[in-house]
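We did not get these values from a lab; they are worked out from the coordinates using the rules stated. On a predicted model such as this, the values are computed, not experimentally measured, just so you know. For neighbour counting, all protein chains shown are included, and Cβ atoms are generated from backbone atoms with ideal geometry for every residue, glycine included.
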Amino acid sequence: MGKKLRVGVIGVGGIGRIHISSYQKTGEVEVVAVSDASLNKVKQVEKEFGIPRGYKDPEEMLEKENLDAVSICTPNFLHASQSILSLDKGCHVLLEKPMATNTREAREIVKKAKESGKVLMMGMTWRFMSSYSYLKRLAQQGEFGDIYYAQGKWLRRRGVPGMGGWFTTKKMSGGGPLVDIGVHALDCLLWIMDFPRPERVSGFAFQRFGFRAGDGGWPPPVTRDEQDIKTRVFDVEDLAGGIIHFSGGKVAILEASWALNLESANGISLAGDRGGATAPPVKIYRERNGVQETIIPEIPEGETYVEEVKEFLRCIKEGKEPSANAEKGYEVLRILEAIYTSSREKREVQL
Ligand SMILES: NC(=O)c1ccc[n+]([C@@H]2O[C@H](COP(=O)([O-])OP(=O)(O)OC[C@H]3O[C@@H](n4cnc5c(N)ncnc54)[C@H](O)[C@@H]3O)[C@@H](O)[C@H]2O)c1
């Protein structure tokens, strides 16, 4: 067995800690350092996960630690500068979603990832959920035929993350539930459909709750501290979505909310000319011998984040391009941005 890769994690709030524990569970790498703007969190995480060294400044960590790879788990407005810096320092990057707060920044990341020759993988977590990876396999085997209609949603009845902090501040997050959780549903649909070329988008966005929705409980309270960004701003939507038209006439409908007076729901529906599916839980709709069948496969639960980091490590070791690469991160963000533009300008947006 070769030497273990040296990994660092930038941002150890809610999700950064899950990256650390997932890396540790693989047994394939050593998380040698972390950095976070809050030294409090750095100290806590060092202790909890047995991390040798911690830094306040990610640049100092990158200078001193000779890392092979980093996870970037900071607020969205830091994704572009920190991933470009990390690639410049010769690190492979696992970048949390959404890629950036806008496509201009995302393009810079795509450019740098290409020039660097390093792996840049987006943290598109739904791809590693066992229900969706199963559907992807079925789609590849032709089970659904040509998927021409799809729906994806993540609706929370209540569930605003980081109320009054970076999540709810447009210039720091890039948007509300659409870019925060709708991003997973859209990426997952596009991935299973093999990224059809988007042509035009019609979108909508509402803000009917704002602070009235209350705190949604994410990031987990134990991971918060007094140094967290506090803006007391809520200038993003709490419901958004759109209809996306692709080449060949295919259509996808997307919905995402942090606050909505409806039952919480998340998942995807796929309809092809040979079969269809909904998930989770996975149900397959098909026809055999002139009879319609509904199949409910028993799919074992997996460890989603462990699968995600394992794929990142496989790409590094085998010199393989991740399927959720920088271009795909950009493509997803381009559609989400078009939904906002369409909603704001009350028109269909051509892509
Ligand atoms: N893939 C998923 O399932 C998933 C889930 C949750 C969050 N996320 C994404 O992960 C990222 C982080 O989200 P979170 O929920 O952990 O937020 P969080 O606020 O809990 O964590 C962000 C951390 O970054 C730190 N930070 C702020 N500025 C910094 C800087 N300049 N340098 C270093 N650290 C800095 C903060 O102190 C905080 O600890 C976001 O992009 C979010 O969209 C992904």
Revision key, fill the gap. quick note, the chain, DSSP beta bridge pairs, % antiparallel (nearest 5) is 60
Study note, to complete from the structure: The answer for Tyr149, listing residues at least 5 apart or on another chain whose modeled amide H is closer than 5 Å to its amide H, is Val251, Ala271
Review point. Expressed as an acute angle from 0 to 90° and rounded to the nearest 10, what is the orientation of the C-alpha long axis of helix 130-140 relative to the principal long axis of the chain?
Key: 50
Exercise for review: Pull out a ≥ b ≥ c, the square roots of the eigenvalues of the alpha-carbon gyration tensor of the range 192-268, then state rounded if a/c is under 1.5, prolate if not and a/b is larger than b/c, and oblate in the remaining case.
Suggested key: prolate
Exercise for review: Quick one: what are the phi-derived ³J(HN,Hα) couplings along the range 47-61, Karplus 6.51/-1.76/1.60 with θ = phi - 60°, whole Hz, x for glycine and proline?
Suggested key: 6, 5, 10, x, 8, x, 9, x, 9, 7, 9, x, 5, 4, 4
Practice item. Return the sequence-ordered ³J(HN,Hα) values of the range 150-157 in whole Hz as given by the Karplus equation 6.51 cos²θ - 1.76 cosθ + 1.60 applied to θ = phi - 60°, using x for Gly and Pro. Key: 8, 10, x, 8, 9, 10, 10, 4
Practice item. For the chain, set up a Gaussian network in which alpha carbons nearer than 10 Å are linked by springs, and say which option among Pro300, Pro58, Pro220 fluctuates the most. Key: Pro300
Review point. Residue separation times 0.36 nm, minus the C-alpha to C-alpha distance between Phe206 and Glu48: what's the value?
Key: 52.8 nm
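Estimate the FRET efficiency between Asn66 and Glu327 by the formula 1/(1 + (r/R0)^6), using the beta-carbon distance for r and 30 Å for R0, to the nearest 0.05. Don't skip to the answer; put the middle values down first.
Numbers: r = 29 Å, r/R0 = 0.95.
E between Asn66 and Glu327, to the nearest 0.05, is 0.55.
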Exercise for review: Report, in degrees rounded to the nearest 10, the 0 to 90 angle that the Cα long axis of helix 183-192 makes with the longest principal axis of the chain.
Suggested key: 60
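Among DSSP beta bridges whose residues both lie in the range 131-256, state the antiparallel percentage, nearest 5. Each step should come with its number before you reach the end.
On the way: 14 of 20 bridges.
Within the range 131-256, antiparallel bridges account for around 70 percent of the total.
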Revision key, fill the gap. Evaluated at 25 °C and 0.890 mPa s, the Stokes-Einstein D of the range 49-135 based on the Kirkwood radius over Cα pairs, in µm²/s, stands at 177
Exercise for review: Pull up the cross-link candidates among the lysines for Lys320, meaning alpha carbon to alpha carbon under 16 Å and not fewer than 8 places away within one chain.
Suggested key: Lys114, Lys118, Lys310, Lys328
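To the nearest µm²/s, what D does Stokes-Einstein give for the chain at 20 °C and 1.002 mPa s, using the Kirkwood radius over alpha carbon pairs as Rh?
Working: Rh = 20.8 Å.
Estimated via Stokes-Einstein, D reaches 103 µm²/s.
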Revision key, fill the gap. Which residues qualify? For Glu199, with a placed amide H closer than 5 Å and at least 5 residues away or on another chain, they are His245, Phe246, Ser247
Exercise for review: For Ile296 and Asp225, calculate 0.36 nm times their separation in residues minus their Cα-Cα distance, and state this gained length in nm to one decimal.
Suggested key: 21.2 nm
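Kirkwood hydrodynamic radius, computed over distinct alpha-carbon pairs, for the range 114-242: how many Å, to one decimal? Spell out each step's value before the answer.
Working: mean 1/r = 0.0590 Å⁻¹.
When all Cα pairs of the range 114-242 are included, the Kirkwood radius is 17.0 Å.
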Check your understanding: If you plug each phi of the range 328-334 into the Karplus form 6.51 cos²θ - 1.76 cosθ + 1.60 with θ = phi - 60°, what whole-Hz ³J(HN,Hα) values come out, in order, with x for Gly and Pro?
Key -> 5, x, 5, 4, 5, 5, 4
Check your understanding: Which residues' amide hydrogens lie under 5 Å from the amide hydrogen of Val282, considering only partners 5 or more residues apart or on another chain, with H built in the peptide plane?
Key -> none
Practice item. Pull out the extension gain between Asn289 and Arg137, defined as 0.36 nm times the separation in residues minus the alpha carbon to alpha carbon distance; nm, one decimal. Key: 52.4 nm
Check your understanding: What FRET efficiency would be calculated for the residue pair Arg157, Asp57, taking the C-beta separation as r and a Förster radius of 51 Å, to the nearest 0.05?
Key -> 0.80
